[in-house]
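What follows draws every value from the coordinates through simple rules; no lab data is involved. Note that the structure is predicted; figures quoted are calculated from it, not measured. Reconstructed Cβ throughout: ideal geometry from the backbone, glycine too, with neighbour counts over all protein chains shown.
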Amino acid sequence: MPQSSISVVGLGADGPSGLGSRALDLVNQATILCGGERHLDYFADHPARRFVVKSNLRELATILEAERQSGRPVVLASGDPGCFGLVAFLRARFGREALEVVPNVSSFQLAFARLGEPWHDAHLLSAHGRPLGPVVREALHSPKFAVLTDSTNTPAAVAAALLDAGLPDAPAWVLENLGASNERLTATSLAKLEGQSFDPLNVLVVLRDSVPPRRYVFARPETDYLHSRGLITKAEVRAVSLGKLRLAETDLVWDVGAGCGSVGIEAAALAWRGTVWAVERNPEQIDHIRANVTRHRVVNLEIVAGSAPDALGDLPDPDAVFVGGAGPELRAVLAVSRDRLRPGGRFVLNAATFETAGTTLDFLRASGWPADLTQISAARGADLLGHTRLAALNPVFVIAATKPAEAR
């Protein structure tokens, strides 16, 4: 007997009365209804079995797989379930051929309709059950965006995070209970949202007059960073090291031996849709990283207090690794980087001594990784009795390698 499709039906605030004939047919024929309690309450008299969906998605998948064999499973969801809804999970688990999706009007559509605002150019974001970091970094570069919020990431919390990250105050609207009899629209601004509360079902819309062009700033002068005793990767070395990392905007990056955080902070600007983990064991340096993150309003850098390689154990596999310092644990850090870096990922290490450079090159070559060595010997102009002389910086070796695509 062929398996039946998994039907995914979107509901609006008006419940069953807003469903079309196809959606109603699927619900009426269902042998099991899966959805949130609010959705299931609309069909209290339905004879089908019921399964309440919360965070139990594995159990949901098991039930749907079993029900497909001889029944007609229906999943009830809010609005358009393909927009930050269950369709993403179900497609990944069962494939698109197994799904029949009947969407309703999404809350984003209703929100922009109420404002009389076109939304083809809007950035649609969700903080509903999700961390705020990705929302903030996307919103910073969007002139028009809307955010699904929840009871934790409220409109006030989202606004505070945006303002803390450097987004200027802007006109904002909170639209609650869209499509219901108690629908409400509040016109305000990001700064004025502090202390305001709203019903949990709401959308925050922000319209900005303009967005400054994105500038990928790196190799900032050392004076832009809080540091001590000259312990900072010099701007010229940072420029070459970041160039050799060849970061994509979505990369996950390890900055091992992060020091004051200068390399990690500039990597975070380049990989702005990704995340940088700055691993550092020195408490003073950790304080410097925190201060520099605040100074440069970085939203996608996570500080990991601890010594490598042990501190790397719980981090996700990286697309790029930068090692600014490893000390006596160099070989162990190299081994973890080799094993955890994703195939095709980039590895860059700065070395001040021949011994560190030699150990690193030998290790990489023994691992079958093509590696290159560059020495940075830079000099800066300095005053000499009203004239200009060159003051040499300490030379640094920059070792770069790419993990072979076939490596595992």
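Here the spin labels are modelled as points 7 Å beyond Cα on the Cα-Cβ line, and at Arg297 and Ala92 they lie 3.2 nm apart.
If I stretch the segment between Arg130 and Ser181 completely, what's the gain in nm (0.36 nm per residue apart, minus their alpha carbon distance), one decimal?
Residue separation times 0.36 nm, minus the Cα-Cα distance, leaves 15.6 nm.
Between Ala248 and Asp41, what FRET efficiency follows from the Cβ-Cβ distance if R0 is 56 Å, with the result rounded to 0.05?
0.80
Computed extension gain for Glu100 through Arg220, at 0.36 nm per residue and net of the alpha carbon distance, reaches 38.0 nm. Considering region 26-172 at the alpha-carbon level, its Rg and Dmax are found to be 18.0, 56 Å. Taking every lysine pair in the chain that is 8 or more places apart or spans two chains, those with Cα atoms closer than 28 Å amount to 4. Comparing His387, His128, His296 in a Gaussian network model of the chain, where Cα atoms under 10 Å apart are tied by springs, the biggest mean-square fluctuation is seen for His387. Taking amide hydrogens as placed 1.01 Å from N in the peptide plane, the amide H of Val101 sits under 5 Å from those of Val8, each at least 5 positions away in sequence or on another chain.
A Förster radius of 56 Å combined with the Cβ-Cβ distance from Thr31 to Ala366 puts the calculated FRET efficiency at roughly 0.40.
For region 1-66 and region 260-324, what is the separation of their Cα centres, given in Å? Taking the Cα centre of each part, region 1-66 and region 260-324 sit 44 Å apart. A simple count of charges around Ile63, restricted to other residues whose Cβ falls under 15 Å of its Cβ and scoring Lys, Arg +1 and Asp, Glu -1, yields +4.
Any idea what diffusion coefficient region 1-53 gets from Stokes-Einstein, in µm²/s, Kirkwood Rh on alpha carbon pairs, 10 °C, 1.306 mPa s? Calculated translational D: 136 µm²/s.
Quick one: if the Förster radius is 51 Å, what FRET efficiency do Leu390 and Ala160 give, using the C-beta to C-beta distance and rounding to 0.05? Intermediate values should be presented prior to the final figure.
On the way: r = 48 Å, r/R0 = 0.94.
E between Leu390 and Ala160, to the nearest 0.05, is 0.60.
In plain terms, the chain from Glu406 to Arg49 could stretch by 123.7 nm, reckoned as 0.36 nm per residue minus the Cα-Cα distance. Rg over Rh for region 226-358 works out to 0.92, both radii taken from alpha-carbon positions and Rh defined as the Kirkwood radius. Taking only alpha carbon atoms, the chain gives an Rg to Rh ratio of 1.08, where Rh is the Kirkwood radius.
Each 5 Å bin, from zero up to the one with the longest distance, holds this percent of the alpha carbon pairs of region 6-105: 3, 14, 28, 29, 19, 7, 1. Using the Cβ of Arg389 as centre and a radius below 14 Å, the other residues enclosed give a net charge of 0, where K and R count +1 and D and E count -1. Using C-alpha pairs under 8 Å with a sequence gap of at least 6, the mean separation divided by the residue count of region 222-402 gives a relative contact order of 20 percent. Gyration tensor analysis over the Cα atoms of region 108-207 returns equivalent ellipsoid semi-axes of 18, 15, 13 Å (largest first, whole Å). Where both bridge residues fall in region 152-289, DSSP classifies roughly 70% of the beta bridges as antiparallel.
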